[in-house]
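The values are calculated or read from the model by the stated rules, or taken from the named source; none is laboratory data. Model, not experiment: these values are computed from the prediction. Cβ sites come from the backbone with ideal geometry, for glycine too, and all protein chains shown count toward neighbours. These accessible areas exclude ligands, DNA and RNA; they are computed on the full protein's heavy atoms, side chains included. Shrake-Rupley method; radii C 1.70, N 1.55, O 1.52, S 1.80 Å.
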Amino acid sequence: MWTERVVPRLVDRSLRGREIGELRAEVCAGLRGEVLELGFGGGLNLRHLPAAVARVDAVEPSDRGWAISERRRLRHDVEVRRVGLDGQRLAARSGAYDHVLCTFTLCTIADPALALSEVRRVLRPGGTLAVLEHGLAPTPGTARWQRRLDPVQRRVAGGCHLSRDVAGLLGEAGFYTGPLVAAYLPGARSPWTYGYRGRVGVAS
């Protein structure tokens, strides 16, 4: 009950502020064509999508999250289709998408390495993965607190991990990570606010 009904609303409320919105706009800039979004949630990225985006295929496991997004979907002209529930097993054919968008999602996916391998598979040659994620901080004291808090965070936030090394996961999955910006997100420095953002492609 908590994870299915309460967590989607808490996530939507906590991640829809102006400063986070500016970061969403930054990572969405330049997207075009057919886009797959992992963890569509309440549709908070819709307002930041460029006009060049023709369609968004949404992977969203939460029926409540999908319901929350309805008002935003109706407000925007871009076509949005819910195409799956699990980012670890995408139904799309290989090379189906120009870009994949993933914001505050890798922290929750049970097997992020498997999900990223699927992202590589469905990207067209030259396509990119646009990411905005929180994760493991380089500051030893903060990282220790992230690991201590992880068990509680997973229970209260629907499986969310504080200490995932997003840059490391991307590199291991075969993406080049040079363009990633790694910094504390807006607000006070805390175990919850270290993040990564940018658009990365497949390493040659």
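Here the stretch 90-202 is assigned +1 on the Cβ of each Lys and Arg and -1 on the Cβ of each Asp and Glu. Its dipole about the Cα centre then comes out at about 180 debye. Let a ≥ b ≥ c be the square roots of the eigenvalues of the Cα gyration tensor of the stretch 16-172; is it rounded (a/c under 1.5), or, if not, prolate (a/b larger than b/c) or oblate? Prolate shape, in that a/c is at least 1.5 and a/b is the bigger ratio. Is the stretch 34-97 rounded, prolate or oblate when judged by the Cα gyration tensor, a ≥ b ≥ c being the square roots of its eigenvalues, rounded requiring a/c under 1.5 and prolate requiring a/b larger than b/c? Because a/c hits 1.5 or more and a/b fails to exceed b/c, the stretch 34-97 counts as oblate. Computed about its Cα centre, the charge dipole of the stretch 50-97 is approximately 60 debye, with only Lys, Arg, Asp and Glu carrying charge at their Cβ.
Largest GNM mean-square fluctuation among 111, 165, 86, using the chain with Cα springs under 10 Å: 111.
Within the accessible area of the stretch 84-170, the carbon and sulfur atoms contribute 57%, probe 1.4 Å, all protein chains present.
Charged side chains reduced to their Cβ positions (Lys and Arg at +1, Asp and Glu at -1) give the chain a dipole of some 420 debye around its Cα centre. Per residue, the chain exposes an accessible area of 49 Å² to a 1.4 Å probe, with every protein chain left in place.
Taking trypsin sites (Lys or Arg not before Pro) across the stretch 103-204, the ones in a DSSP loop with at most 14 further Cβ atoms lying within 10 angstrom of their Cβ are 189. Solvent-accessible area assigned to carbon and sulfur over the stretch 1-69 amounts to 52 percent, based on a 1.4 Å probe.
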